[in-house]
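Engineer: Below: one structure in structure tokens.
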Amino acid sequence: MTQEIDNAIADYLHYIRIERGLSDNTIKSYQQDLKQFGAYMTAEKLNLNAIDHVVILTWLNHLRELNKSNNSVIRMVTSLRKFFGYLSQEKMILHNPMVDVKPPKKAEHLPAVLSVAEIDALLQVPTEKTALGVRNRALIEVMYATGLRVSELVNLKMSDLHLQLGLIQTIGKGDKERIIPIGEVAAEWLERYFAHSRLTLLKEKVSPFVFLNDRGTQLSRQGVWKIIKKLVLAAGIDKDVSPHTLRHSFATHILENGADLRIVQELLGHADISTTQIYTHISKKRLSEVYDAFHPRA
């Protein structure tokens, strides 16, 4: 990577971390994309002002030849659009090449959603006889009751809980705080977890985090993923389920029961309501399935 491009990428990453306050995961995604792009520009021996829309399109075509998914190409376009927008704003380039690049169309992909019956089956798997079992039940209850992102879940602290008020607070993307209601059932399982299981996991240690691993330290995102995969297998659910599936299920189920889309947007912490609208497509798809199954002339 040439020093010029290297410095430009470093400046941009510093900008989005310090001035924009973007999350570590978002910054890592941009960094990964820009590092790949920078390496390609170095191989082509191009400096910043030599990059035009033809160079960009050639790079995107190169990604497709490497069998990168459409979503990966779309993400790369987003990363480059933000990057060159910053360079243009700071007058580090004469022309923004992304102005002439249209984003590829995103194939509509409806995220996997569990039915209410599948959620119930999942919740019945953890045993109440062990500390980890009670923790797992509380964890699933909280995820389904609140729609938290997995990063928000693992960073949830004891001081973020206001169970007597039926509320929790969390810091989401862009360091934005939001207050989310939590149902009585999830709150009760948290209380059960706190009464014995969490103390057992702590092993006389101290931790501010709500969900702990078997070493008494903060549960990781990978840890949550492994827990859910194990529970899904035990429940006999034949779907590709991830932590985000519970968030999708939370949003879809409350929409199906009459919640306003704007309310769901607030609960999920979406900056743009267009992100939330994917769940209306899921609800309509489900509505069509119900109609086809039960209407006598369907």
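Engineer: Taking the criterion of being small (Gly, Ala, Ser), surrounded by 15 or more Cβ atoms within 10 Å (Cβ to Cβ), modelled with pLDDT under 95 and over 26 Å from residue 105 (Cα atoms), would at least one residue in the stretch 26-41 satisfy it?
Structural biologist: Among the residues of the stretch 26-41, not one is small (Gly, Ala, Ser), surrounded by 15 or more Cβ atoms within 10 Å (Cβ to Cβ), modelled with pLDDT under 95 and over 26 Å from residue 105 (Cα atoms), which makes the answer no.
Engineer: Which members of the stretch 158-195 meet the condition of being touching a strand residue (DSSP E or B) at 6+ places or on another chain (Cβ under 8 Å) and of a type in the set (D, E, K, R)?
Structural biologist: Across the stretch 158-195, the qualifying residues are 160, 177, 178.
Engineer: Continuing with the same structure: Residue under question is residue 265, and the condition is that it be within 18 Å of the chain's Cα centre (by Cα), over 16 Å from residue 140 (Cβ atoms), of a type outside the set (A, V, I, L, M, F, W, C) and surrounded by fewer than 15 Cβ atoms within 10 Å (Cβ to Cβ); does it hold?
Structural biologist: It is false that residue 265 is within 18 Å of the chain's Cα centre (by Cα), over 16 Å from residue 140 (Cβ atoms), of a type outside the set (A, V, I, L, M, F, W, C) and surrounded by fewer than 15 Cβ atoms within 10 Å (Cβ to Cβ).
Engineer: Of all the residues that make up the stretch 53-83, how many are part of a loop (DSSP other than H, G, I, E, B) and surrounded by fewer than 15 Cβ atoms within 10 Å (Cβ to Cβ)?
Structural biologist: Qualifying residue count, the stretch 53-83: 3.
Engineer: Every residue in the stretch 2-24 that is at pLDDT below 90 and either small (Gly, Ala, Ser) or open to solvent by less than 70 Å² (accessible area, probe 1.4 Å) (or both), please.
Structural biologist: Answer for the stretch 2-24, where residues must be at pLDDT below 90 and either small (Gly, Ala, Ser) or open to solvent by less than 70 Å² (accessible area, probe 1.4 Å) (or both): 2, 5, 6, 21, 22, 23.
Engineer: Still on this structure: Quick one: is residue 212 surrounded by fewer than 18 Cβ atoms within 10 Å (Cβ to Cβ) and at pLDDT 90 or above?
Structural biologist: No, not satisfied.
Engineer: With the condition kept exactly as written, say whether any residue in the stretch 161-174 is basic (Lys, Arg) and under 19 Å from residue 269 (Cβ atoms).
Structural biologist: yes
Engineer: If you don't mind, another one. Could you grab me the full set of residues in the stretch 227-273 that are touching a residue at least 40 places away in the same chain (Cβ under 8 Å) and either farther than 30 Å from residue 133 by Cβ or in contact with an Asp or Glu (Cβ under 6 Å, 6 or more places away or on another chain) (or both)?
Structural biologist: If the condition is that a residue be touching a residue at least 40 places away in the same chain (Cβ under 8 Å) and either farther than 30 Å from residue 133 by Cβ or in contact with an Asp or Glu (Cβ under 6 Å, 6 or more places away or on another chain) (or both), then 237, 266, 271 are the ones that fit.
Engineer: Within the bounds of the stretch 220-234, is there any residue that is more than 19 Å from residue 179 (Cα to Cα), open to solvent by less than 20 Å² (accessible area, probe 1.4 Å) and under 14 Å from the mean Cα position of the chain (by Cα)?
Structural biologist: Yes, that holds for at least one residue.
Engineer: Okay, next question. Restricting the first residue to the stretch 49-67 and requiring it to be more than 14 Å from residue 37 (Cα to Cα), which pairs with a second residue that is surrounded by 12 or more Cβ atoms within 10 Å (Cβ to Cβ) and at pLDDT 90 or above meet a Cβ separation below 6 Å and a spacing of at least six or different chains?
Structural biologist: 49/93
Engineer: Also: State the number of residues belonging to the stretch 84-100 that are loosely packed, with under 13 Cβ neighbours inside 10 Å, part of a helix (DSSP H, G or I), out of contact with any Phe, Trp or Tyr (no Cβ under 9 Å at 6 or more places or on another chain) and not acidic (Asp, Glu).
Structural biologist: Qualifying residue count for the region: 1.
Engineer: Count, please, the residues in the stretch 160-192 that happen to be outside any loop (DSSP other than H, G, I, E, B) and surrounded by fewer than 18 Cβ atoms within 10 Å (Cβ to Cβ).
Structural biologist: 19
Engineer: Report yes if some residue within the stretch 122-132 is among the polar types (S, T, N, Q), out of contact with any Ser or Thr (no Cβ under 7 Å at 6 or more places or on another chain) and assigned to a helix (DSSP H, G or I); otherwise report no.
Structural biologist: Scanning the stretch 122-132 turns up no residue that is among the polar types (S, T, N, Q), out of contact with any Ser or Thr (no Cβ under 7 Å at 6 or more places or on another chain) and assigned to a helix (DSSP H, G or I).
Engineer: Kindly indicate whether residue 40 is closer than 16 Å to residue 6 by Cβ and within 25 Å of the chain's Cα centre (by Cα).
Structural biologist: No; evaluated as a whole, the condition is false for this residue.
The values are calculated or read from the model by the stated rules, or taken from the named source; none is laboratory data. This is a predicted model, so every value here is computed, not measured. With ideal geometry, Cβ positions are generated from the backbone for all residues, glycine too; neighbour counts draw on all protein chains shown. To get the accessible areas, we keep the full protein, side chains included, count just its heavy atoms, and leave off ligands, DNA and RNA. Shrake-Rupley method; radii C 1.70, N 1.55, O 1.52, S 1.80 Å.
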